[in-house]
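Shown next, in structure tokens, is the structure this report addresses.
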Amino acid sequence: MANTQGPQGNHDPAGSTQMFRAFVDEGPQGGRRQQASSGPRIGMIIGVVAAVVIVAAVAWLALK
């Protein structure tokens, strides 16, 4: 397939390259996402611990 853009080669009619570079350059927002993801992880750990405690209590009551 021939290159139909000519010698420039930098023409991006959709602007997707510029939009991608703007997305990559948004550094501070990525840090916020990482901090927000730690909240659900703590909730999941607490939920798993609570489930283990409940299962242990039910097993203890069943064997009593």
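So for the pair V52, F23, with labels modelled 7 Å out along Cα→Cβ, what separation do we get in nm?
It works out to 3.9 nm between the two label points.
Using a Förster distance of 30 Å, how high is the FRET efficiency between K64 and I42, based on the Cβ-Cβ distance and rounded to 0.05?
Here the calculated transfer efficiency is 0.35.
Coordinate-derived values only; no laboratory data. Note that the structure is a prediction, hence the values are computed from the model and not measured. FYI the Cβ positions are ideal-geometry reconstructions off the backbone, even for glycines, and counts take in every protein chain you see.
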